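Take a look at the structure set out below.
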Amino acid sequence: MDAHDPAALAAAGEDDGFLPPLVDIVQRDTVRLIPSGRLKLPVLAPLASSTQALDDLAELEGATNGRLQASTNGLPGLDPRELVFGRPNDSFINAAFTHVRQGGNRFNDEERGAWYCSWDADTSIGEVAFHLTRELDAIGRYDNVTDYAEMIADFIGPFHDLRGFDMARASCLGADTGTAYAAGQTLARRLRAAGSNGVIYPSLRYPGGTCLVAFRPSLVQNLRQGGLWRLRWTGSREPQISRPN
């Protein structure tokens, strides 16, 4: 199979051992959305009467804080030496790799996280809205307001490119998370073993959008905070999207 032939790639299965084609990118101003509550001062701060007391409380919190534990001990698939320190907003980068969702995501399993972002805010909104709506589906109540902050980063270098795939045939790009995530995680493990930086892929939740997943913390460059978005559900599965005052 020609690894650079989109038609051949589209017809391939993820278990065939193939590697998608590489593309060199200079992609600036990618957008990752995080709940804005993560930008606030630590919740322990009001309990501390002094800087030393806050340090003591932070140490206590660290005993059960997954991100801090991973920074020291790593995760099954993440060496703590891979994390970044001394950069602006480095805690947000590290959190993406140490806070792992049960079951993982499309291109990472429970052993290590990854940095997911999109080419633009509209695509990122479509992605986060889908996942939060799915959580509301589970409780059967569409009454929620969540503010999200843009975390803007630049990426430079070679990434594996899935945009030439037939989304109806490539199982890692499927809409069914039950099968797609398993296939994507298998592919991601193969790519990481080959030294891949990550994957560019079409958004499943915002037609025409483009997403990127970076496999290593050091790849996230020039991270800075952008604007805020508010997603409000008021009885409907479709959220109202606005800029908070």
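The values are calculated or read from the model by the stated rules, or taken from the named source; none is laboratory data. All figures in this text were calculated on a predicted structure; none of them were measured in a lab. Cβ sites come from the backbone with ideal geometry, for glycine too, and all protein chains shown count toward neighbours.
From the residues in the stretch 121-146 that are among the acidic types (Asp, Glu) and touching a residue at least 12 places away in the same chain (Cβ under 8 Å), which one is farthest from Arg237 (Cα to Cα)? So that I can check it myself, show each step before the final result.
Going through the stretch 121-146, the residues among the acidic types (Asp, Glu) turn out to be 122, 127, 135, 137, 143.
From what's left, touching a residue at least 12 places away in the same chain (Cβ under 8 Å): 122, 127, 137, 143.
Numbers: Asp122: 18, Glu127: 14, Asp137: 8, Asp143: 9 Å.
Looking at residues that are among the acidic types (Asp, Glu) and touching a residue at least 12 places away in the same chain (Cβ under 8 Å), I get Asp122.
Looking at Asp79, is it more than 19 Å from the chain's Cα centre (by Cα) and modelled with pLDDT under 95?
On the way: more than 19 Å from the chain's Cα centre (by Cα): no; modelled with pLDDT under 95: yes.
So Asp79 fails the test.
Take the residues in the stretch 99-153 that are outside any helix (DSSP H, G or I) and of a type in the set (Asp, Glu), then tell me which one is surrounded by the fewest Cβ atoms within 10 Å (Cβ to Cβ).
In the first step, residues of the stretch 99-153 are kept if they are outside any helix (DSSP H, G or I); the result is 99-120, 140-153.
So of that shortlist, the ones also of a type in the set (Asp, Glu) come out as 109-111, 120, 143, 147, 150.
Working: Asp109: 21, Glu110: 15, Glu111: 14, Asp120: 16, Asp143: 10, Asp147: 17, Glu150: 21.
The residue in question is Asp143.
Looking at Ala149, Ala194, which one is of a type in the set (Gly, Ala, Ser), over 13 Å from Leu19 (Cα atoms) and in contact (Cβ under 8 Å) with a residue 12 or more places away in the chain? Full working, then the answer.
Working: Ala194 fails: over 13 Å from Leu19 (Cα atoms).
Sole residue among the options that is of a type in the set (Gly, Ala, Ser), over 13 Å from Leu19 (Cα atoms) and in contact (Cβ under 8 Å) with a residue 12 or more places away in the chain: Ala149.
Does the stretch 105-120 hold any residues that are in contact (Cβ under 8 Å) with a residue 40 or more places away in the chain and closer than 17 Å to Leu212 by Cβ, and which are they? Quick ask: steps written out before the conclusion?
So the first thing to find is which residues in the stretch 105-120 are in contact (Cβ under 8 Å) with a residue 40 or more places away in the chain, and the list is 105-109, 114-120.
The answer is Asn105, Arg106, Phe107, Asn108, Ala114, Trp115, Tyr116, Cys117, Ser118, Trp119, Asp120.
Residue under question is Phe165, and the condition is that it be outside any loop (DSSP other than H, G, I, E, B) and either buried (at least 21 other Cβ atoms within 10 Å of the Cβ) or at pLDDT below 95 (or both); does it hold?
Numbers: outside any loop (DSSP other than H, G, I, E, B): no; either buried (at least 21 other Cβ atoms within 10 Å of the Cβ) or at pLDDT below 95 (or both): yes.
Spelling it out, it is not the case that Phe165 is outside any loop (DSSP other than H, G, I, E, B) and either buried (at least 21 other Cβ atoms within 10 Å of the Cβ) or at pLDDT below 95 (or both).
Run Asp109 past the list (1) more than 29 Å from Gly226 (Cα to Cα); (2) under 16 Å from the mean Cα position of the chain (by Cα) and report the number of the one that doesn't hold.
The one condition Asp109 does not meet is (1).
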